[in-house]
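Accompanying notes for the structure given below.
Each value in this text was obtained by applying a stated rule to the coordinates, not by laboratory testing. Since the structure is predicted, the reported quantities are computational estimates derived from the model, not experimental observations. Note that each Cβ is placed from the backbone with ideal geometry, even for glycine, and that neighbours are counted across all protein chains shown.
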Ligand code: ASP
């Protein structure tokens with residue numbers, strides 16, 4: 001019997017004070033959803049998808065219904081899910097009308113052929129498998145109704161989990177960078193960059209400057225450190241230190257290994273996270289926000305061995 005763990009994040013960046021409490025509440029709700037799946041005997045893949053769906057359904061985060069618009073005023077969402085036993089993965093990019101892109105990524109994983117579907121082909125697949133849709137107008141109206149405070153950076157969501165069989169999984173979902181060029185795909189749906197899982201090491205979900213994360217291959221890099229036997233907190237810290245050394249970019253990571261240990265690392269001012277592990281009586285959440293005026297964040301690392 002393995003130690004069971006679920007960890008979620010709500011995006012590396014900067015969260016203004018007035019949004020922090022709600023962000024933490026919603027991260028706690030997401031971790032509870034993932035935990036419920038794990039406790040009912042569900043696998044790690046089902047758990048990370050359940051957790052991410054909760055955050056995609058919240059207008060607070062930059063994913064699903066809260067996705068930010070592109071420079072042309074469209075919404076183009078990316079998501080991925082990967083499991084660590086057989087290295088199965090599914091990803092979608094540039095989807096405009098799927099309510100929960102992470103569910104569509106799961107359908108691609110289940111299909112077991114392609115790893116990534118983008119644009120209209122992905123949307124056709126969503127309709128074929130009967131996933132809930134949302135009109136782009138509705139998404140844009142939601143964004144206009146609830147504008148993100150200009151000082152807020154971040155809001156991508158992700159989850160990692162290990163189930164009772166010691167299988168790990170990761171999922172990430174995003175609306176991408178605010179005002180991004182139409183057609184731009186970030187790191188989140190790219191296996192090895194924003195999302196990665198391999199039972200030999202563990203699972204990772206990244207957030208932050210997508211182009212830097214893509215060029216560095218942050219998710220795969222972090223899981224490779226777990227394969228070497230490092231704890232997730234040390235591996236996460238090393239991965240963040242290395243990407244900061246090589247490239248200009250802000251990023252965050254959550255990591256879990258097959259033993260149920262987890263790590264959280266970011267070099268941004270804040271990143272809301274929540275976690276629950278067997279043996280803990282209730283989920284915990286934290287945002288680790290650096291008050292204005294204390295200078296740029298360096299590297300924040302937390303975790304549980
Ligand atoms: N990594 C995401 C992207 O570049 C954005 C983020 O995590 O805030 O699309």
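For the stretch 163-272, state what percent of all Cα-Cα pairs lands in each successive 5 Å bin, counting from 0 Å until the bin that includes the largest distance.
Percent of pairs per bin, in order: 2, 15, 25, 25, 18, 9, 4, 2, 0.
On the Cα set of the stretch 29-115, report Rg and Dmax in Å, please.
13.4, 44
Quick one: work out the % antiparallel among DSSP beta bridges in the chain, nearest 5.
Working: 54 of 58 bridges.
Given both bridge residues lie in the chain, the antiparallel proportion sits at roughly 95 percent.
On full extension of the chain, what length is gained from residue 248 through residue 25, given 0.36 nm per residue of separation minus the C-alpha to C-alpha distance?
Result for the pair: 77.1 nm of gain on full extension.
If each residue's Cβ is checked for other Cβ atoms within 10 Å, how do 299, 24, 55 rank with the fewest at the top?
Details: 299 14, 24 19, 55 31.
Ordered from fewest to most neighbouring Cβ atoms within 10 Å, 299, 24, 55 come out as 299, 24, 55.
On a full-extension model of 0.36 nm per residue, what is the gain between residue 111 and residue 87, subtracting their alpha-carbon distance, rounded to one decimal in nm?
Fully extending the segment from residue 111 to residue 87 adds 7.3 nm.
Which semi-axis lengths, in whole Å and largest first, follow from the square roots of five times the eigenvalues of the Cα gyration tensor of the stretch 153-216?
Numbers: eigenvalues 122, 26, 13 Å².
Equivalent ellipsoid semi-axes, largest first: 25, 11, 8 Å.
How big is the convex hull of the Cα atoms of the stretch 1-78, per residue, in Å³? Display every interim value, and only then the final one.
Numbers: hull volume 8.1 nm³, N = 78.
Per-residue hull volume (Cα only) is 104 Å³.
Relative contact order for the stretch 8-63: what is it in percent, counting Cα pairs under 8 Å that are at least 6 residues apart?
Details: 47 pairs, mean separation 19.8, N = 56.
Reported relative contact order: 35 percent.
What's the extension gain from residue 2 to residue 128 if we count 0.36 nm per residue and subtract their Cα-Cα distance?
Extra length from residue 2 to residue 128 when fully extended: 41.7 nm.
Between residue 241 and residue 36, what FRET efficiency follows from the Cβ-Cβ distance if R0 is 35 Å, with the result rounded to 0.05?
Taking R0 as 35 Å, the efficiency between residue 241 and residue 36 is 0.50.
Give me 177, 96 ranked fewest to most by other Cβ atoms within 10 Å of their Cβ, as a rough exposure proxy.
177, 96
At 222 nm, what helix-only mean residue ellipticity would the chain give, in deg cm²/dmol to the nearest 500, using -39500 (n - 2.57) for each DSSP H run of four or more?
It comes out at -10000 deg cm²/dmol, rounded to the nearest 500.
Would you mind calculating the relative contact order of the chain from Cα pairs under 8 angstrom and at least 6 residues apart, reporting the percent as a whole number?
Dividing the mean separation by the residue count of the chain yields 24 percent.
Along the principal axes of its C-alpha atoms, what lengths does the chain span, in descending order and rounded to whole Å?
49, 46, 37
For residue 281 and residue 137, FRET efficiency with R0 = 35 Å and r from the beta-carbon atoms, rounded to 0.05?
0.20
Taking N as the number of residues in the stretch 95-225, what is its Cα Rg relative to 2.2 N^0.38 Å? Numbers along the way, then the final one.
On the way: Rg = 15.5 Å, N = 131, 2.2 N^0.38 = 14.0 Å.
For the stretch 95-225, the normalised Cα radius of gyration comes out at 1.11.
Name all residues of the stretch 42-80 having a backbone nitrogen under 12 Å from the label point set 7 Å from the Cα of residue 165 along its Cα→Cβ direction, giving them as ranges.
42-46
Give the percent of DSSP beta bridges with both residues in the stretch 62-144 that are antiparallel, rounded to the nearest 5.
Taking every DSSP beta bridge with both residues in the stretch 62-144, the antiparallel ones total about 65 percent.
Alpha carbon centre of the stretch 64-132 versus the stretch 162-210: separation in Å?
Here the two parts' Cα centres lie 12 Å apart.
Exposure proxy check: 141, 215 ranked by fewest other beta carbons within 10 Å?
With the fewest neighbours first, 141, 215 line up as 141, 215.
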